[in-house]
Amino acid sequence: MFLHCDLSLFICFPGPWGRCMGSDCGLGGSQSRAVWCAHVDGWTTLHTNCDQAQRPSNQRNCFRVCDWHKDLYDWKLGAWNECVPVSARTFGAPRQFTCSGGEEGIQTREVGCILKSDGSPAEDAICEYFEPKPRLEQACLIPCPQDCVVSEYSPWTSCSKTCGTGLRNRVRSVLVPPLFGGAACPNLTEFQSCKPGPCTGPEGMYSLRVGPWSPCALPQTRTARQVKRRKGKGQGLRERAGVKDPETRELIQKKRTRNRLNRQESPFWDIQVGYQNREVTCIHRNGSTVGRNMCLTRDLPLTIQSCVLPKDCKLTDWTIWSPCTKTCMNPESPRGNRTRTRQVLQFPVGEGAECPPLEEFESCEPQGESIPPCATYTWRTTEWSDCRVDTLLSQQDRRRSNLTGLCGGGLQTREVYCVQANAELLKYLNDLREKDKASRPVENKLCEGPIPNRSQLCQIPCPIDCEVSPWGAWGPCTFENCDDQAGKKGFKLRKRQITNEPTGGPGNCPHLVEAVPCDEPTCYDWQLISLDPCIPDDGKQCGSGTQIVQVQCVNSNGEKVDRNLCTSNPPPEPVPCEVPCSRDCVLSDWTSWSTCSQTCSSKTIEGKQMRTRSILAYNAGEGGAVCPNSSALQEVRNCNEHPCTVYHWQTGPWGPCTEDPSTSSFNASVGVRPNSDGEVPCSMGMQTRKVICVRVNVGQVPPKKCPDGPRPSTMRPCQLPCKKDCIMTPFSDWATCPITCDAAGIAVKKKQSRKRLIIQMPSNGGQECPEVLEEERDCEVPKICPGFRWKTHKWRKCQLVPWFLRQDTPGAQETCGPGLQTRAVSCRQLDGTQADISECLKFAKAMPAITQRCQLPCQDDCQLTNWSKFSSCTADCVGVRTRKRSLIGRSKKKDKCKNTQMYPLSETQYCPCDKYNAQPVGNWSDCILPEGGRVESILGMKVQGDIKECGQGYRYQAMVCYDQDNRLVETSRCNSHGYIEEACIIPCPSDCKLSEWSNWSRCSKSCGSGVKVRSKWLREKPYNGGRPCPKLDHINQVYEVVPCQSDCKQYVWVAEPWSVWKVSNVDLKENCGEGVQTRRVRYLCMLNTIDGPSEPVEDYLCDPEEMPLGARESRLPCPEDCVLSDWGPWSRCTLPCTRSNYRVRTAYTIRPPSVGRECPDTTEKEPCSLNLNCFNYFYNITDWSTCQLSPNAVCGSGIKTRMLDCVRSDGKSVDIKFCEEMNLEKKWQMNISCVVECPVNCQLSEWSAWSECSQTCGLEGKMWRQRSVVQASQGDGRPCPSQMEQWKPCPVRPCYRWQYSPWSECRVENVVCGHGMRFRNLSCFVSDGDDEGSLVDEELCSSLEVAVDGDKQIRLKESCILPCPGECYLMEWSDWSSCVNICAKEAGVDFASVQVRSRAVLAQEPENLQLCPDQEWESQPCTGGEHFEKHDGFNLSCPAAPNFDAFIPSIYPSVLSLQFKSYMNLRCPLQAGICLCEEGFTEVLSSTGQLDQCAPIPILEIPTAGDKKGDVKTSRAINPTLPTTIQPGRNGRTWYLQPYGPDGKLKMWVYGVAAGAFVLLIFIVSMIYLDVEGSLPPRHTRHTLQYKYLQVPELSL
């Protein structure tokens, strides 16, 4: 906004208004703006240079908007104005417009901000604060006029006359109506004169024409007519007494009838019988009326008849709305309904208007303040059942028989039920005190949302078995109690230790102590430590001597004690010994005693021990002590002389935990569910067990046989778990009683049930659950079955037209002729009691007719009785059956009545031939197993049990039954239940079957960590969807490999003692020099136990480095030489292993040398060399094993293990002690928990109930049932089957329907032409659902509602006009044309489909053509429809717009003046010869009709029919001249106009773009002009507007 204060120099320039500020919401705000004084050149100056009087205000009041104003103000949207062509909004002279598919237009509307409360206008800024202002313009389409399109002509009709001059016609029909101001339809009829030949006789020129019946009217009363007659003729003569005219007789009879039937009159019908008449005229062929005498007829038609006075339906006012069916508050739940009704005051009579609906519904929400919230429903679950492994195993290999002691992964189940959610239930579940507050179960269908799981995997902890070490050696014979040694027997004990603590403590381990009785027990004894060197007697250098024994005092456990405790036993004496002299034989020391060969002794076996020694040097001749013979080189002694009677204490299992009467704790009975961690302890109790003394291999013996010391305890304290009482829900409400009635209307007795569910099972001695979980009782049978029917009363006497009206007709003196009779109708219940008429209107069939035509016979009429029933047939299809009637009264004597051709007295027909033919139809159903599985309760859902899912079933094929006329009948006629059954097999899934695990192999290493293996092999492959196999190897085996640890000392080599020396130089008599000593080595690798080597094993288990030598070579000392002992073991090299370190071994002198001789070194050393005699050691950790389960588990929690191995630097595994001695760090975890996924089979729900039949009748009905996945398969479980639904055919039922017969010809009784009636019948047809069907007896449709194609208004007759000879008339309506989709050509905009029908004119006389009526057509909307193809010059198809790629600016010189912005949106296709604008732009023509520019169209979206979010609708052009024209909708489309502002002017940036492109445009225009100057085409003055439908990207500048 610019305000000029000084037009020559200065301008007042205000800035934009600022934000509305203020402390209060509403009108109290203010806003300000800056105001400058600026020179015309753009620089600012002082305010004094501008005119202060014209200075704009810099502050004003405003409306300060707050958030709560959003509920008070809103935009008001005005209606869209008329669609105005875009060309009308542009400048320039009007141009000639050629429509091509429609003209683009723009329509506007008014939008303003208003106050919601009173609609008063407000500032737009208030509404814009919350929501942008809605659009003020939108694009629209003005469709092109659509001319009428007609079909081809039909063939010519035959000539209207058989002689003389007539006409023949041909007609056509309307295919597309004229739309949007298009051309009207041409003539639909074409005439042509014809002359079959001259007429030989007089041509029929006259016809009797019957007019329409007049409206029904009541006759005047007799009193009124008499008054009228007196006024006209005066007082007549008194009638003779006793003589009554026919009118009087009629009046008396009517009064009697009315009095007799008044009690049957219903207040809902006011039936009045009136009369109506019609004219009968004689018509000439040219259409003129002549005297009736010109028409020669035998009998004139009736001109007067009785009728029912029409009366419209009358209703009461609407009642008030009923309360809302929804009585609670919950916005998320469906809305309720409320109804209002009205009653019938007067039913329609005659042709009166039918009654409108008597009941009205509308959705509602409850109103008021104290409305309770709606009941919500939620799923509840019972307690999980105990975890059971056998449930899981039953899904797998059923041949597994040993199910005791199972542990690991299992399944537990629970029931799911629906309850009404309430606070009491939550409180009940929290404190479990108010058991009567538990919610009762309701029907499951009330609960929504996902159903909780009904089964889950669980874990039973596997017990840890007790593992013990091997037995230790037998100890010394000792007293049971060293404190009480008097007269007590002694025992030798051996013990073993627990190496793996079992579940439940050491009490679950086998016995750890065994005892054998012995004699001479002692508690303390001397233990040999060492022997001192041998000291010869008498101070000699050699010879006999003694060795001092070094001992210590130990107890029976081998522990060192005070020496004073051994004073009862004298200490060992010195041991005699021998120091060999220089010429004596030298023997080695005795070896240690070997292990005892037996663990005990008996009469047949004795334990033996052996020790040996060898010759180190032989004696020298006679001067020295002689070497002993070989037998003296070994000694044998008895050992383990105690008898083989081993005793031990044996314990039984711990008994149940029972209350300890000595404790004061109270074991309360509570209803608390146990925690997942275990039972909740309530008090302490006691457990006992049986302890007996057992002799090995014999059995129980008296307790005194076993030592008392290691006797196990027989009692221990325990924790008593809390008692859990049974917790149940209350009983559910009684199930609703279904009310069913038999054919006689008697209610059938049914039962109703209720049930309750167990929430928590009792345990630990809690209160047991009651046995009754479900109750059943008989339903209360209603006295009257619900249902209503119409009751019809007797027809009243036939009522004729009043005598005074028919007195001039033939037979008027008789009371005879056509008339009308009525009857009463009432509403009854099924048992016959009176009911309100509204009940029958709701629930009964159509109301019976209350009037009918009747005929009172005249004297000359023939009167006959009604037909009798047909006689019975002796057999079907054999003979005939007859029915008879007879003449009555005077008719018996009339000759015309005896004419049996006109009045037959008997009828004969063939006996019905009931032959039926059954045949199968349709496909076989799925294979269905016999019913008999568990039916799932509607109140609780359990997990699926072991339900048969395979085996022999049946498949079904529907049977159809036809009668002898090939009409479909009930299958029972063919003695069929509707199906053919055929046995079928559903193959049972067979799971992968593997063998049991083999035994573990021996550890692959005899020292350190190795592996052991076990395997399974394939017994049977899976098929039919069975559980898959684990991954197998090439020989169909699966392996399990786990690490193992072997004791490096468990296997030893066994060798015999060394033999005597064999000296290689046999010539020497001294037996000395180089010699060989041998021993027998059995090369047996034996298992080493505490009692010594026990059994031979494979040689590879022993260390080959430690294999003993079979021979050794050495120098045998000669006499007088020094004799040394065998070398001792090498000392260990110290680390690090370098050659500067040495290891040594030593020997000692046994025989000193003679004088002059020396002993060799008693010490030998060698350098330490890595991996030869010096080694480093380190730990090696193995890989994790597979997840190891308990032997009694199939899945679930397990343990992964790995082993720690000590490895020598040369790679050899050695005893773990070598690493332990080096104090190496152990930082590894050796065991971790793991889980083996449980193989859970897929669990399916029960099959649902069979659905309703897909068709109520016919051949192709199917029933379906479904099941769903309750638990998906897990692990190697059996996968879900693919068949989740099954179908079977429905029993074939005939399709009965009511169907009209074709309309009869128009009938006018006894007359040639005029107003008549045409009739049709309502018949019962039967079909199989596909064909048209066949006519059958109406009784078969008696159960159907009387309606044809859903129309309950049955019309069996209608008035018609039979054209008179020579008359020009309208034909019947043509059939509705096909749906035509009207569209805007080239624009791709479709309007709704339309269809049309028409009536053409038919003429018979050339002279009467000017009297012909106008032809007629009418249209209606329809759905679907194809684009109409070209016909008679009209093309209504909607092809896709051409895709023009080329831009040829040289076509038109007018393009030279285009600005760049319009230039780039132009397309000039060569083949069209015209220039087109792109989508989003419209052509703007100059005053000369040339294309000037492409003007953009505003960005607007036209809502489609399915777009409910649009806030406007597109206006459509309306054709006011054609009331039947359809105004269809159109599809959505987007147009663009970015360069224009809201004021309709070009924005500033457009000018900038145009100026920037001007130089380039001048260059292009020059080049084009020079190129096309000599060959310009003629200038075009008309342009067909077409739009290319390609998305034009927005131009961003």
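Tabulated results
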| read-out | value |
| --- | --- |
| Residue within segment 331-338 that is closer than 30 Å to Leu856 by Cα and exposed (fewer than 15 other Cβ atoms within 10 Å of the Cβ) present | no |
| Residues satisfying the stated conditions in segment 1329-1357, i.e. assigned to a strand (DSSP E or B) and either open to solvent by 40 Å² or more (accessible area, probe 1.4 Å) or of a type in the set (S, T, N, Q) (or both) | Ser1334, Leu1335, Asp1351, Lys1357 |
| Filter result for the condition that a residue is buried (at least 16 other Cβ atoms within 10 Å of the Cβ) and closer than 26 Å to Val1123 by Cβ, over Ser556, Ser614, Ser592, Ser601 | Ser614 |
| Tabulated pairs, segment 60-82, first farther than 15 Å from Asp124 by Cβ and polar (S, T, N, Q), second in a loop (DSSP other than H, G, I, E, B) and modelled with pLDDT under 85, C-beta under 8 angstrom, 6+ apart or interchain | Asn81/Ser1515 |
| Residue identified as touching a residue at least 12 places away in the same chain (Cβ under 8 Å), of a type in the set (S, T, N, Q) and open to solvent by less than 50 Å² (accessible area, probe 1.4 Å) among Gln547, Gln541 | Gln547 |
| Lone qualifier among Gly507, Gly545 - being over 60 Å from the mean Cα position of the chain (by Cα) and not hydroxyl-bearing (Ser, Thr, Tyr) | Gly545 |
| Residue within segment 958-972 that is modelled with pLDDT under 85, open to solvent by less than 70 Å² (accessible area, probe 1.4 Å) and not in a loop (DSSP other than H, G, I, E, B) present | no |
| Residue match in segment 487-496 (condition: hydrophobic (A, V, I, L, M, F, W, C), within 26 Å of Cys706 (Cα to Cα) and either open to solvent by 80 Å² or more (accessible area, probe 1.4 Å) or not in a strand (DSSP E or B) (or both)) | no |
| Residue within segment 755-775 that is surrounded by 13 or more Cβ atoms within 10 Å (Cβ to Cβ), over 30 Å from Asp836 (Cβ atoms) and β-branched (Val, Ile, Thr) present | yes |
| Close pairs (9 angstrom Cβ cut-off, 6 or more residues apart or separate chains): over 27 Å from Gly624 (Cβ atoms) in segment 1110-1133, open to solvent by 30 Å² or more (accessible area, probe 1.4 Å) and acidic (Asp, Glu) anywhere | Trp1130/Glu1164; Trp1130/Glu1166 |
| Filter pass, Asp1161 being open to solvent by 50 Å² or more (accessible area, probe 1.4 Å), out of contact with any Pro (no Cβ under 9 Å at 6 or more places or on another chain) and in contact (Cβ under 8 Å) with a residue 12 or more places away in the chain | no |
| Any chance Glu936 is touching a Pro at 6+ places or on another chain (Cβ under 9 Å), in a loop (DSSP other than H, G, I, E, B), charged (D, E, K, R) and modelled with pLDDT under 85 | no |
| Among (1) touching a Ser or Thr at 6+ places or on another chain (Cβ under 7 Å); (2) open to solvent by 40 Å² or more (accessible area, probe 1.4 Å), the one test that Thr316 misses | (1) |
| Segment 727-754, residues that are outside any loop (DSSP other than H, G, I, E, B) and surrounded by 13 or more Cβ atoms within 10 Å (Cβ to Cβ) | Ile727, Met728, Cys741, Ala747, Gln752, Ser753, Arg754 |
| Evaluation of Gly197 against (1) closer than 30 Å to Ser1393 by Cβ; (2) surrounded by fewer than 13 Cβ atoms within 10 Å (Cβ to Cβ) (one fails), failing number | (1) |
| Selection from segment 1223-1238 of residues that are open to solvent by less than 70 Å² (accessible area, probe 1.4 Å) and assigned to a loop (DSSP other than H, G, I, E, B) | Leu1224, Met1230, Cys1238 |
| Subset of segment 175-206 (residues that are among the aliphatic types (A, V, I, L, M) and within 24 Å of Trp1373 (Cα to Cα)) | Leu175, Val176, Leu179, Ala183, Ala184, Leu188 |
| All positions within segment 28-59 that are part of a helix (DSSP H, G or I) and not hydroxyl-bearing (Ser, Thr, Tyr) | His47, Asn49, Gln52, Ala53, Gln54 |
| Matching residues in segment 46-82 - criterion: being surrounded by fewer than 14 Cβ atoms within 10 Å (Cβ to Cβ) and among the hydroxyl-bearing types (Ser, Thr, Tyr) | Thr48, Ser57 |
| Conditions (1) surrounded by fewer than 13 Cβ atoms within 10 Å (Cβ to Cβ); (2) modelled with pLDDT of 85 or more: number failed by Cys1360 | (1) |
| Breaking point among (1) within 30 Å of Cys1280 (Cα to Cα); (2) modelled with pLDDT under 80, for Cys913 | (1) |
| Members of segment 1266-1322 found to be polar (S, T, N, Q), part of a strand (DSSP E or B) and open to solvent by 40 Å² or more (accessible area, probe 1.4 Å), listed by number | Gln1266, Gln1274, Gln1299 |
| Hey, Pro1191 part of a loop (DSSP other than H, G, I, E, B) and in contact (Cβ under 8 Å) with a residue 60 or more places away in the chain or not | no |
| Filtered residues of segment 987-1002 (kept if under 30 Å from Lys1049 (Cβ atoms) and either among the β-branched types (Val, Ile, Thr) or touching a Leu at 6+ places or on another chain (Cβ under 9 Å) (or both)) | Arg1002 |
| All positions within segment 1050-1075 that are at pLDDT 75 or above and open to solvent by 50 Å² or more (accessible area, probe 1.4 Å) | Glu1074 |
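Every residue, every condition in (1) open to solvent by 70 Å² or more (accessible area, probe 1.4 Å); (2) of a type in the set (Val, Ile, Thr), yes or no:
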| site | (1), (2) |
| --- | --- |
| Thr1146 | yes, yes |
| Arg1151 | no, no |
| Leu1170 | yes, no |
| Tyr1177 | no, no |
| Cys1187 | no, no |
| Ala1193 | no, no |
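Let's see how each residue does on (1) open to solvent by 50 Å² or more (accessible area, probe 1.4 Å); (2) touching a residue at least 12 places away in the same chain (Cβ under 8 Å):
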site	(1), (2)
Gly1025	no, yes
Lys1031	yes, no
Val1041	yes, yes
Ser1046	no, yes
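The values are calculated or read from the model by the stated rules, or taken from the named source; none is laboratory data. On a predicted model such as this, the values are computed, not experimentally measured, just so you know. For neighbour counting, all protein chains shown are included, and Cβ atoms are generated from backbone atoms with ideal geometry for every residue, glycine included. Ligands, DNA and RNA are stripped out before the accessible areas are found, and what is left, the full protein with its side chains, is counted by its heavy atoms. Shrake-Rupley method; radii C 1.70, N 1.55, O 1.52, S 1.80 Å.
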